[in-house]
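Shown next, in structure tokens, is the structure this report addresses.
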Amino acid sequence: MALPLTEPVNRTILLLDIEDFSRRDDVAQACLRRELHNVVEDTLAEAGVERNMQYREDRGDGLIVLVSADIPKTALLRALLTSTPDALCQYNRLASSSAQMRLRMVLAAGEVALDPKHGTVGGLVGHDLNQSCRLLDADVLREALAKQETDCVLGVSPSVYEGVVRHGHRGLRPEQFHHAAVAVKKDRLDLWLHGPMLSAAPVPVLGAASPESSDVTASGAAGGQAPTASAAAPTDRGVAVTFSGANASFGGSQVLGDQTGVSGGRVIGDVVLGSVRREGRSGQS
């Protein structure tokens, strides 16, 4: 006989995932799983979470932890920003290279129900939990951990940021959290990432030359005559571009179509076709 679906209740949702877990052998994985539970024990104890105020579900390479709404999220956040990194640092100092542990973490909140089945464990269901798992799987969180030297990285959901972080409670600095729009599967979500803001990839620009090296020479446009192609030898000051009629050649590749305002000749320097937003040479937009 199937057990009934429980009524959804509001819980603080803490998700943790071990980086590169599947690349380890069985012995290392077992070591990592045991240590993850130790780290979570220390973190929850620091936040004042008793055993009867939490629910844990082992996900192999991570944990789902539901915490009673009676526990202040400020206390959990302070523990995640202090106790968790300290516990990881102490462990990694003594662990072998194959057993080093780094964590992605998400703190969120929402309604969660339990759909238990005889002979199985788990059974958590809920839209808010699903969205939180999407945030944990976001590329921006993975990239943040990969680019930082810290042992863990923390992201919070919009509700946690708006309701707690942005108000600057003790031990929480809103300016240390940065907004990131993420896309996971078919969902478009918002995440607030703790730590340095990730730099955006530079937009590739044709012919990165200094201002004084740019020059344009045109020929063959007078008297209605068709422009003739001119030799365009590459230089170390920029990219040589040859215009012949309505076509343009970039280092051997041809751009077809109308070229408004270009009468032919040789162009050295920056060339922009269409609407492109570029940063200035000083690094400011």
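All of the numbers you see were taken from the coordinates with simple rules; none came from a lab. Note that this is a predicted model, so its numbers are computed, not measured. When we count neighbours, we look across all protein chains shown, and the Cβ atoms used for this are built from the backbone with ideal geometry, even at glycine.
What does the highest-first list of 47-54, 12-19 look like by mean Cβ count within 10 Å?
12-19, 47-54
Which order, highest average first, do 23-36, 154-167 follow once you tally other Cβ atoms within 10 Å for each residue and take the mean per peptide?
154-167, 23-36
Using 0.36 nm times the number of residues separating Ser22 and Asn130, minus their current alpha carbon distance, what extension gain do you get?
Gain on stretching Ser22 to Asn130: 36.7 nm.
Could you order peptides 175-188, 137-150 by the average number of other Cβ atoms within 10 Å of their residues, highest first?
Descending packing order for the listed peptides: 137-150, 175-188.
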